[in-house]
Every structure is written in C-alpha cells, then in structure tokens.
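Working notes for the structure below.
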Amino acid sequence: MNKSFKQHADERLAHITMSEELKHRVRQSIRKEQRTPRLSTLRVALAAVLLLGTLTAFALSGGFGLFELMGTVLPHFANVRPEADTLVQRNLAHYRFEHVDVDIREAAYDGRYLRVAYAITDRAATAPLDTPGTSLVDGRMENYPFTAANQDGIWWTTLDWAELNGQHVNPLGMTISVAGPNNGEAITWVQFDVQGLELPSTFTVRLPIRGSDTPHELEFTMDKSGMEHVFPLAPPPDKRVGNYVISIQDITVSPIRTYITLHLIIDPGVDMEEAWDIAGQWVTAATLSDADGKNPQQWADTGFGPVDNTEWVRIDLTDGKFDYEDRIIDPDKPVTMMVFFEFTPPEQYPDAFRLGHSEQDFILIPFTRLPAQ
C-alpha cells in the first residue's frame, strides 16, 4: 500500500524532536520547496527546523573532533567508518588576535566535501560559553553574543566561502557552532562543496576567518591522505518503473558518507505536479540498504530539482502580486528530475545496495568498484 506524503515526511522527520504543529510546518515547507526547484528541499526544511530551535542540543561523549561536532546536529551524523580517521588532518593553523585565539583543529577532504572544525577562544573568559556541546546559534532568539570574537571581526558561526589552491568554493549542507569544554571556546563545523574541483596531491586552503582581512598565518596545506578509501561504484543499467526510468548517475563510497546522484527520467505526458510527486516520494521515503532490504543506512542529507525540459515562469496574480511555477517546455519530451542523497556508511559493505522507497520503486546497485583513473 502506498503511503501518503504526510506519512513519508513524518517518518523522515521522526528522529527530530518537534511538536505536531511544527511537523506540519516542515511538511508545508517541503511541499512549498517542491515548487522552488532552485533550492534543495530537505536541506531547506531541516535548516528551517534548526532556525526554529527544535533540535536537541546533544551532549558529546567522545570529544570535540570533527565527527563529534557533526553529531551535535543529529547523533547519527557522527557515524563514520574507522578508516575515516585517515582522511582527517589535525592542528592545521593558529593565530592570536587581540581578544581571541583561532585554531583550525581538524579538516577532512573526501573529494565531495572539505569539512572543517575550527575553534575561537576568548582568552579573557573564566568559564565556558555555555554547557559544552550546546548550540550557540540554534534554539536562541539571537546568536550568542560572542563579544570578544565580534570585536576582532571573526566569522565564528560559519564561513561563507573558502579557497582551495586559489579556487573559490561555497559551503553546502549542515553547519553548527557549539560551546566547547574550555573557557570562552566556540567550536564550529562547516563543509564546502568541492565536487569536480581538480586539486593536486597537496593543496592550500584559505578560510575567511576574518573575511578578506584574514591573516596568511591561518592558511594551511592539506594532502589527499586516505583517499584510497574513497571510490566510485559502477552505475547499474537503468530501470523502468511505471511511467519513469530510474538512472543512477553516480555513486561514490566514502568512509564518511555514501553519495548517490539519481536521475528520474519521467515520460512525456506526465504533468509537472506529478513529476514533483514522483521525485518527492524518493526524497522523503527512499532508503539505502543491503540488496535484501536489511541494514538500512541512515539518511544524512538530500537535495532535488529538475534537470531539463522545464522553465521557471512568472505568474501574475491579482492586485499586482505574482508567483513563479515550473512548466514543461516540450510536452513531447521527457522531464528529468535529479535527486542527490547522502547516507551514513555501513559497517560492512554489501555485495549490492538497494536504493528505493517501495516494493516497485527501487534499483539494485552491485558493489562493483570502477577502476582507478
């Protein structure tokens, strides 16, 4: 029996502490973003939840490293394979400003993201900024008033960009700032989209800790240690399901996450609303598991939108108001919807993955590594 959109959304949001009223608001946000294809749907919805302060501030049990910080958003975000540690490089840079010390503690590069954990410490503080592990941004009417960092012009809550070997990259996905265990310490995790970026085996990283006025002493060098544990799998043949085709464009296995880019090639004659509904079922309900459906991996992030044969059209309403909607350009051609998934990695790699959301809507992905390029 097919589940309703409400059931799918409730299941995907079940691990987040929120009221029924807020769940309704998030479901409405997801539906609204189905009509806003330039944005990543569940990323936007979860960001709304974070801004509304409904996530629990989870205590850290294993320290304040990069992966533990990821687990302060949702505990299972810290789930990585043991070899993920080979991707992490530590104690990368330090600078002493007038009021605060800045330490780039850890960074991990896996070809899809550069994830960074950095600490800002008020040297004059005599106590932690809050209970260690508590968010300094979410669940508050305003950000924590980190006066010492603000006096030094430090971007302590997140970073708007970075440069890798002089190439500009943008943040993507989750970020969080928490109170550290030391007096006056804030620790921030941010991740940057580096997909498709060509980098040498050793490369430089520049983070705008103080914007364009960041001291060169905070630039650091990384290498591609541990990348032998990151590899693509061969995409399986396309599979038809009803009025659309499932096409795996890319699946990359990392000790930090399993990344999948999926195309849903929807038949001519299907209207845009149904196209969004088809993609929406994958976004809100798809799981990644072993071929027999056992050992499902935990969701970490999702984004989706149309790839081709659509246009973003302004609609004039009454009283001078207007809206926008997606329209199919050529109804005699298919529409392709893209869905991007991130799942936490399995403890043991299976012979094949199963990606899908029902007994019919799924595809098997054999665990066949592509040759190294």
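The values are calculated or read from the model by the stated rules, or taken from the named source; none is laboratory data. The structure displayed is predicted, hence computed values, not measured ones. When we count neighbours, we look across all protein chains shown, and the Cβ atoms used for this are built from the backbone with ideal geometry, even at glycine.
Just the residues that are of a type in the set (F, W, Y) and either under 17 Å from the mean Cα position of the chain (by Cα) or outside the structural domain of T204 (by TED's automatic domain parsing) (or both), please, taken from region 153-176. The one that is of a type in the set (F, W, Y) and either under 17 Å from the mean Cα position of the chain (by Cα) or outside the structural domain of T204 (by TED's automatic domain parsing) (or both): W161.
Suppose the filter is in a loop (DSSP other than H, G, I, E, B), farther than 30 Å from V73 by Cα and either β-branched (V, I, T) or modelled with pLDDT of 95 or more (or both); does P296 pass it? When the stated conditions are applied, P296 does not pass them. Go through region 218-236 and give me each residue that's aromatic (F, W, Y) and either under 16 Å from L197 (Cβ atoms) or out of contact with any Ser or Thr (no Cβ under 9 Å at 6 or more places or on another chain) (or both). Within region 218-236, no residue meets the criteria. The listed residues are T284, T318, and the only one of them that is among the hydroxyl-bearing types (S, T, Y) and in contact (Cβ under 8 Å) with a residue 12 or more places away in the chain turns out to be T284. Looking for something closer than 27 Å to P345 by Cα, outside the structural domain of W299 (by TED's automatic domain parsing) and among the small types (G, A, S) - is there at least one such residue anywhere in region 181-191? The answer is no; no qualifying residue exists.
Matching residues to (1) over 24 Å from the mean Cα position of the chain (by Cα); (2) part of a helix (DSSP H, G or I); (3) at pLDDT below 95:
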{"residue": "T72", "(1), (2), (3)": "no, no, yes"}
{"residue": "V80", "(1), (2), (3)": "no, no, no"}
{"residue": "R90", "(1), (2), (3)": "no, no, no"}
{"residue": "Y95", "(1), (2), (3)": "yes, no, no"}
{"residue": "A108", "(1), (2), (3)": "no, no, no"}
{"residue": "Y118", "(1), (2), (3)": "no, no, no"}
{"residue": "G133", "(1), (2), (3)": "no, no, yes"}
{"residue": "G139", "(1), (2), (3)": "no, no, yes"}
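A125 fulfils the conditions (1) in contact (Cβ under 8 Å) with a residue 40 or more places away in the chain; (2) in contact with a strand residue (DSSP E or B) (Cβ under 7 Å, 6 or more places away or on another chain); (3) more than 22 Å from I256 (Cα to Cα) except for a single criterion, (2).
Within the set E198, E217, the sole residue that is without any contact (Cβ under 8 Å) to a residue 12 or more places away in the chain and surrounded by fewer than 15 Cβ atoms within 10 Å (Cβ to Cβ) turns out to be E198.
Among the residues of region 161-181, those identified as crowded, with 17+ Cβ neighbours inside 10 Å and of a type outside the set (G, A, S) are L164, V169, P171, L172, M174, T175, I176, V178.
Residue-wise test of (1) touching a Gly at 6+ places or on another chain (Cβ under 6 Å); (2) among the small types (G, A, S); (3) farther than 14 Å from P345 by Cβ; (4) surrounded by fewer than 21 Cβ atoms within 10 Å (Cβ to Cβ).
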| site | (1), (2), (3), (4) |
| --- | --- |
| R240 | no, no, yes, yes |
| T252 | no, no, no, yes |
| P255 | no, no, no, yes |
| I260 | no, no, no, no |
| G269 | no, yes, yes, yes |
| E274 | no, no, yes, yes |
| Q297 | no, no, no, no |
| A300 | no, yes, no, no |
| V307 | no, no, yes, yes |
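Meeting the requirement of 1 or more residues that are more than 15 Å from D250 (Cα to Cα), at pLDDT below 95 and touching a helix residue (DSSP H, G or I) at 6+ places or on another chain (Cβ under 6 Å), the strands (runs of 3 or more DSSP E) wholly within region 316-373 are 322-328.
Evaluating A124 against the criteria (1) assigned to a loop (DSSP other than H, G, I, E, B); (2) touching a Phe, Trp or Tyr at 6+ places or on another chain (Cβ under 8 Å); (3) farther than 28 Å from D85 by Cα; (4) aliphatic (A, V, I, L, M) leaves one unmet condition, (2). Which condition does D250 not pass, out of (1) outside any strand (DSSP E or B); (2) free of Cβ contacts under 8 Å to residues at least 40 places away in the same chain, if it passes all the others? The failed condition is (1). The set of residues in region 257-286 being assigned to a helix (DSSP H, G or I), among the polar types (S, T, N, Q) and closer than 24 Å to I329 by Cα consists of Q281 alone.
Take the conditions (1) on the phi > 0 side of the Ramachandran plot; (2) part of a strand (DSSP E or B); G153 misses just one of them, which is (2). Only one residue in T175, T204 is under 23 Å from G71 (Cα atoms), of a type in the set (V, I, T) and in a strand (DSSP E or B). Which one? The unique qualifying residue is T175.
Please identify the pairs in which a residue from region 326-341 that is assigned by TED's automatic domain parsing to the domain that holds I256 and closer than 28 Å to S289 by Cβ has its Cβ atom under 8 Å from the Cβ atom of a residue that is of a type in the set (S, T, Y) and in a loop (DSSP other than H, G, I, E, B), counting only partners at least 6 apart or on another chain. Once the first residue is assigned by TED's automatic domain parsing to the domain that holds I256 and closer than 28 Å to S289 by Cβ and sits in region 326-341, its partners that are of a type in the set (S, T, Y) and in a loop (DSSP other than H, G, I, E, B) give F340/S40.
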